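A short write-up of the structure that comes next.
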């Protein structure tokens, strides 16, 4: 799992961490246990809904175009958490 700078306040300044999980949802649950409620609240609006401005990618592909939190993971898969960027 790779964290953008925006999330490092919630991850003890860790940029990257290894997580053994079979799905994106399982990986995030393990990270919530590791990092606590502030991390959880930075990602999720409610128990099953991520915040709209949070983008989650597996190997560069947005999980919205895969199987969302049910997206299966393999050992070498890379999950990236990024805040949405807006401007204009």
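The values are calculated or read from the model by the stated rules, or taken from the named source; none is laboratory data. Quick caveat: nothing in here was measured; it's all calculated off a predicted structure. Cβ atoms come from the backbone with ideal geometry, glycine included; neighbour counts cover every protein chain shown.
Go through region 54-81 and give me each residue that's in a strand (DSSP E or B), within 14 Å of residue 16 (Cα to Cα) and out of contact with any helix residue (DSSP H, G or I) (no Cβ under 8 Å at 6 or more places or on another chain).
80
Does residue 75 satisfy the condition of being surrounded by 17 or more Cβ atoms within 10 Å (Cβ to Cβ) and either out of contact with any strand residue (DSSP E or B) (no Cβ under 6 Å at 6 or more places or on another chain) or at pLDDT 95 or above (or both)?
no
Check off (1) more than 16 Å from residue 7 (Cβ to Cβ); (2) assigned to a loop (DSSP other than H, G, I, E, B) for residue 19 and give me the number that stays unchecked.
(1)
Is there any pair linking a residue in region 32-43 that is modelled with pLDDT of 95 or more to one that is exposed (fewer than 12 other Cβ atoms within 10 Å of the Cβ) and not in a helix (DSSP H, G or I), with Cβ under 8 Å and at least six apart or on different chains, and which?
If the second residue must be exposed (fewer than 12 other Cβ atoms within 10 Å of the Cβ) and not in a helix (DSSP H, G or I), the pairs left are 35/12.
Just need a number here: residues in region 22-35 that are under 19 Å from residue 47 (Cβ atoms) and outside any helix (DSSP H, G or I).
Residues that pass the stated criteria total 1.
Mind checking which pairs have a first residue in region 60-77 that is on the phi > 0 side of the Ramachandran plot and a second that is surrounded by 10 or more Cβ atoms within 10 Å (Cβ to Cβ) and assigned to a helix (DSSP H, G or I), Cβ under 6 Å, 6 or more apart or different chains?
none
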